[in-house]
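I have placed the structure first, in the form of structure tokens, so that the comments after it can refer back to it.
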Amino acid sequence: MKFEERLSDRDAWSIGDGCSAGRVLDLLSTKTVFLVVRECFYGTTRFDDFVTRVGASAPAVSRALKQLKAAGIVAPVVYREPGSRARDEYRLTEAGEDLLPVFLSLMQWGDRHLQDGRPPLSFVEAGTGRPIQVRVSAEPAPETACDDIEIRVHPVGRG
């Protein structure tokens, strides 16, 4: 990347706390927070399921959900099992769903640079089976909605 001319003297300016990337990292500040977002994309909605699937303690998951709720990434939706008290499920908001390219690009980078062999999952367009890819491009491209993505597993030991 290159800076426009008026920004070329890096000592003459600073973005400081206004950096959007820094703010996202503040929001997704722990592994637990990020994995809770992952689980939301995977369809997890209930607290006990987050605890099980994220592999974190209940207090850590509770803090993550509170942080994501305060940031407008998830919203609670009340549900009630017959004979039980009302409880909250957590669903991604529009802002949460807008994290999909962030999530997929991190997965894509990890698949390429951190996996030893074939990655455990792939993300494909549900109707066609074409791989979903996140790219930096000046060309407009049609967006694929979260509901139009199918997650497939790659069994260990198979090519």
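General remarks:
For (1) under 29 Å from Gly72 (Cβ atoms); (2) at pLDDT 90 or above; (3) open to solvent by 70 Å² or more (accessible area, probe 1.4 Å); (4) not hydrophobic (A, V, I, L, M, F, W, C), each residue gets a yes or a no:
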| position | (1), (2), (3), (4) |
| --- | --- |
| Phe3 | no, no, yes, no |
| Arg6 | no, no, yes, yes |
| Asp11 | no, no, yes, yes |
| Gly16 | yes, no, no, yes |
| Val37 | yes, yes, no, no |
| Thr45 | yes, yes, no, yes |
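- Which numbered condition Lys69 misses (of (1) closer than 26 Å to Ser20 by Cα; (2) modelled with pLDDT under 95; (3) open to solvent by 90 Å² or more (accessible area, probe 1.4 Å)): (2)
- Residues that are in contact with a strand residue (DSSP E or B) (Cβ under 9 Å, 6 or more places away or on another chain), assigned to a helix (DSSP H, G or I) and among the aromatic types (Phe, Trp, Tyr), drawn from the stretch 4-61: Phe41, Phe47, Phe50
- Restricted to strands (runs of 3 or more DSSP E) entirely inside the stretch 83-159, those with at least 1 residues that are in contact with a Ser or Thr (Cβ under 8 Å, 6 or more places away or on another chain), within 25 Å of Val51 (Cα to Cα) and open to solvent by less than 90 Å² (accessible area, probe 1.4 Å) are 86-92, 149-153.
- Pairing each residue of the stretch 4-29 that is farther than 30 Å from Ala60 by Cβ with any residue that is at pLDDT 85 or above and not polar (S, T, N, Q), provided the two are 6+ apart or on different chains, yields no C-beta distance under 6 Å.
The values are calculated or read from the model by the stated rules, or taken from the named source; none is laboratory data. Quick caveat: nothing in here was measured; it's all calculated off a predicted structure. Please note: Cβ atoms are built from the backbone with ideal geometry, for glycine as well, and neighbour counts cover all protein chains shown. Only protein heavy atoms, including side chains, enter the accessible area calculation; ligands, DNA and RNA are left aside. Shrake-Rupley method; radii C 1.70, N 1.55, O 1.52, S 1.80 Å.
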